[in-house]
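A.B. asks: Let me begin by handing over the structure; questions about it come next.
Read the figures in this text as sums done on the coordinates, not as results from a lab. This structure is a prediction, so every number in the text was calculated from the model and none was measured. Every residue, glycine as well, gets a Cβ built from its backbone with ideal geometry; the counts of neighbours run over all protein chains shown.
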There are 2 protein chains.
Amino acid sequence: MKIVKHSGDIVDFNPEKLKKSLMKSGASPAVVEGILRIIRKELYEGISTKKIYKKAFGLLKKEANSHAARYNLRAGLQALGPAGFFFEKYIARLFTAEGYLTVTNLILQGKCVSHEIDVLAKKDNAVMMIECKFHSRRDAVSDVKVPLYVFSRFNDLKDKQHVIFSLKDTVSKCWIATNNRFTSDAIDFSKCSGMSLLSWDYPKNNNLKTKNDIDCLYPVTCLTTLSLAEKDKLLVLDILLAKELVNNSDPLEKIGLSSNRIKNVLKEVTELCRCD
Amino acid sequence: MKIVKHSGDIVDFNPEKLKKSLMKSGASPAVVEGILRIIRKELYEGISTKKIYKKAFGLLKKEANSHAARYNLRAGLQALGPAGFFFEKYIARLFTAEGYLTVTNLILQGKCVSHEIDVLAKKDNAVMMIECKFHSRRDAVSDVKVPLYVFSRFNDLKDKQHVIFSLKDTVSKCWIATNNRFTSDAIDFSKCSGMSLLSWDYPKNNNLKTKNDIDCLYPVTCLTTLSLAEKDKLLVLDILLAKELVNNSDPLEKIGLSSNRIKNVLKEVTELCRCD
């Protein structure tokens, strides 16, 4: 059975791959088997992975919202857009969760010109800059030009002292984060130049996909019990991660949810953030 | 009288500016005064500079094709698109005219990754790389990210020996050329980093505008006696500059022009390339 990927590529349907991603949602083996059975029946030659994903999402949601939310991560990251602003805040939160101090959107004067830096993070006296590349389109990739220009930016900044967390901070490390993928050239240049990358699937461990599974750092945009407009309101209230709603219904009241809906959202959030 | 610029900005109509650009076309002061008189009568509140330009172009063309061609330079550069391929060749020709050896589109291996270089030019044993940024849209500018990524490219290449013109060339200089403009940040960073820029109006002297006036390096796309399709055919035949047609009607025959039309084109070319 041939299916069509997001990229337009045609590949064989791989039931193992679908099973693996369904298992990651937190659903039980029996539930996953049930869903697989239903989907297999509905497959047809040339069906898109998007359609398969949508069917699986619907079936998972019937079982438990939190499973669907976990399965929904990639789309949840994309829903942080269309501008890059909330993605930058989300990336800052990931570093905060690892014990960094963070600030977003700071303009620093380099040797040659001034630069707007998306995220700055400090731990143990080391300060790093993080350039965030948010793509609204699922198939957009960050090519080698991104690490090339970021590296010049870093070099322009690194020999100067800046007022960031203290009066005399120096930027000693450089990261680039994207919700999609990097090209292999972008990865090669970054490695060779001593820059670190974070993407949907890079590095192999501790990427956006796995960080969320391990530390439950799911963005609120993953939740299935809220509308898009309600998620946007939460983002504006500076609620970026689902876990920020655990034991905290204030923001949900502020955006005008009924007590019944608040109960549903909190149930999903609690199930989703079991790693806490 | 208020007029609307390409950028959407609204400014006062400046007859001096129009007069200056008409004079540069090579038309006599009497002709220019005549055109100005006609255009003044046809102006209305909120007319676009594009419309004014079109009227002036039509009136110049009635006088002499070569004047209109000269006036047509900016649009002629744009007509080298929509891809950047012919703009790169055109830029190579400008350097050839200054006594450089040039090659276009070469892949060179740097310290970290390989890079596709648009133009390489050699004179007196110095080799420079030229990155070309072609914009189809008139108001697109090259911002600071361009010199930032090009500078990393240059740094990745400059310490290695390459097989370009000889077996052991080193790239010692870096240029960026665009048909439009650079932002002030792009200019500041390039100056500070030792890179050279070439744009429609930068540097103040010897930019694309003035290079053409002094050395008659007009692209064939400026010509008013050829259709767009015919110009494209000339580009494919590797005829980039109008002056390449002086005393050379072969390419015009090859693209299928009648002897009468060839006469007209050669007349325009000869008048246009009087600097030779």
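A.B. asks: Do any trypsin sites (Lys or Arg not before Pro) in the stretch B:153-218 lie in a loop, going by DSSP, with at most 13 other beta-carbon atoms within 10 Å of their beta carbon, and if so which?
C.D. replies: On the way: sites: B:ARG153, B:LYS158, B:LYS160, B:LYS168, B:LYS173, B:ARG181, B:LYS191, B:LYS204, B:LYS209, B:LYS211; in loops: B:LYS160, B:LYS168, B:LYS204.
Filter output for the stretch B:153-218: B:LYS160, B:LYS168, B:LYS204.
A.B. asks: 222 nm [θ] for chain A, helices only, -39500 (n - 2.57) per DSSP H run of 4+, per residue, to 500? Could the numbers behind the result be given before it?
C.D. replies: Numbers: 12 runs with 124 residues, N = 276.
Taking each H run of at least 4 residues, the total per residue is -13500 deg cm²/dmol.
A.B. asks: Hey, another quick one. Any idea what the dipole of the protein assembly as shown comes to, in debye rounded to 20, about its Cα centre with Lys/Arg Cβ at +1 and Asp/Glu Cβ at -1?
C.D. replies: Values: 88 positive and 64 negative charges, 202 e Å.
The calculation lands at about 960 debye.
A.B. asks: Relative contact order (percent) for chain B, with alpha-carbon contacts under 8 angstrom and 6 or more residues of separation?
C.D. replies: Working: 444 pairs, mean separation 42.8, N = 276.
With pairs under 8 Å counted, the relative contact order is 16 percent.
A.B. asks: Now for a separate question. At B:SER184, label 7 Å along Cα→Cβ: distances to the other copies, nm, ascending?
C.D. replies: Ordered by increasing distance: 4.5 nm.
A.B. asks: To one decimal place, what Kirkwood hydrodynamic radius in Å is obtained for the stretch B:29-122 from all pairs of distinct Cα atoms?
C.D. replies: On the way: mean 1/r = 0.0600 Å⁻¹.
Result for the stretch B:29-122 stands at 16.7 Å.
A.B. asks: Taking every DSSP beta bridge that has both residues in chain B, what percent is antiparallel when rounded to the nearest 5?
C.D. replies: Working: 18 of 32 bridges.
If I count the DSSP bridges inside chain B, around 55 percent turn out antiparallel.
A.B. asks: Write out the trypsin sites (Lys or Arg not before Pro) in the stretch A:28-123 meeting two conditions: DSSP loop, and at most 13 other Cβ atoms within 10 Å of their Cβ. Provide the component values of the computation, followed by the final result.
C.D. replies: On the way: sites: A:ARG37, A:ARG40, A:LYS41, A:LYS50, A:LYS51, A:LYS54, A:LYS55, A:LYS61, A:LYS62, A:ARG70, A:ARG74, A:LYS89, A:ARG93, A:LYS111, A:LYS122, A:LYS123; in loops: A:LYS111.
Filter output for the stretch A:28-123: A:LYS111.
A.B. asks: What residue in chain B has the Cβ closest to the axis turning B into A, and how close is it in whole Å?
C.D. replies: Closest Cβ on chain B to the axis mapping it onto A, in Å: B:TYR149, 2.
A.B. asks: Taking one equal scatterer on every alpha-carbon of the stretch A:216-276, how large is log10 of I(q)/I(0) by Debye at q = 0.12, 0.17, 0.19, 0.23 1/Å?
C.D. replies: Here log10 of I(q) over I(0) equals -0.22, -0.45, -0.58, -0.88.
A.B. asks: In µm²/s, what is D for chain A at 10 °C and 1.306 mPa s, where D = kT/(6 pi eta Rh) by Stokes-Einstein and Rh is the Kirkwood radius from Cα pairs? Let's see the in-between values first.
C.D. replies: On the way: Rh = 20.2 Å.
It comes out at roughly 79 µm²/s.
A.B. asks: Give me P(r) over the stretch B:2-63, computed from all C-alpha to C-alpha distances, binned every 10 Å, as integer percentages.
C.D. replies: Here the calculated profile for the stretch B:2-63 is 22, 57, 21, 1.
A.B. asks: Something else now. From the residues B:LEU94, B:PHE182, B:LEU237, which one has its Cα farthest along the dipole of chain B in the positive direction, the dipole being from +1 and -1 charges on Cβ of Lys/Arg and Asp/Glu about the Cα centre?
C.D. replies: Farthest towards the positive end: B:PHE182.
A.B. asks: Same structure, new question: Report the rotationally averaged projected area of the stretch B:33-88 based on its alpha-carbon convex hull, in square nanometres. Working shown, then result.
C.D. replies: Working: hull surface 19.3 nm².
Result: a mean projected hull area of 4.8 nm².
A.B. asks: DSSP beta bridges in the protein assembly as shown, what fraction antiparallel, as a percent rounded to 5?
C.D. replies: On the way: 36 of 64 bridges.
Restricted to the protein assembly as shown, the bridges split so that about 55 percent are antiparallel.
A.B. asks: Viscosity 0.692 mPa s, temperature 37 °C: give me the Stokes-Einstein translational D for the stretch A:85-213 in µm²/s, with Rh taken as the Kirkwood radius over C-alpha pairs. Before the final figure, lay out the partial values.
C.D. replies: Values: Rh = 14.8 Å.
Result for D is 222 µm²/s.
A.B. asks: So which GluC sites (Glu not before Pro) in the stretch A:1-71 are both in a DSSP loop and have at most 13 other Cβ atoms within 10 Å of their Cβ?
C.D. replies: Details: sites: A:GLU16, A:GLU33, A:GLU42, A:GLU45, A:GLU63; in loops: A:GLU45.
Those satisfying the criteria are A:GLU45.
A.B. asks: Further question on the same structure: Taking only the alpha carbons of the stretch B:156-276, what extent do you get along each of the three principal axes, in Å, biggest first?
C.D. replies: 54, 36, 26
A.B. asks: Still on this structure, please answer the following. What does the charge dipole of chain A about its Cα centre add up to, to the nearest 20 debye, if the Cβ of each Lys and Arg holds +1 and the Cβ of each Asp and Glu holds -1?
C.D. replies: Details: 44 positive and 32 negative charges, 149 e Å.
That gives chain A a dipole magnitude of about 720 debye.
A.B. asks: For the stretch B:85-213, give the magnitude of the charge dipole about the Cα centre (Cβ charges: +1 Lys/Arg, -1 Asp/Glu; no others), in debye to the nearest 20.
C.D. replies: Details: 19 positive and 15 negative charges, 23 e Å.
Computed about the Cα centre, the dipole is about 120 debye.
A.B. asks: Output the Kirkwood hydrodynamic radius of the protein assembly as shown, Cα pairs only, in Å rounded to one decimal.
C.D. replies: On the way: mean 1/r = 0.0359 Å⁻¹.
That comes to 27.8 Å for the protein assembly as shown.
A.B. asks: Quickly work out the B:ASN207-to-B:ASN264 label distance, labels modelled 7 Å from Cα along the C-beta direction, and quote it in nm with one decimal.
C.D. replies: 3.4 nm
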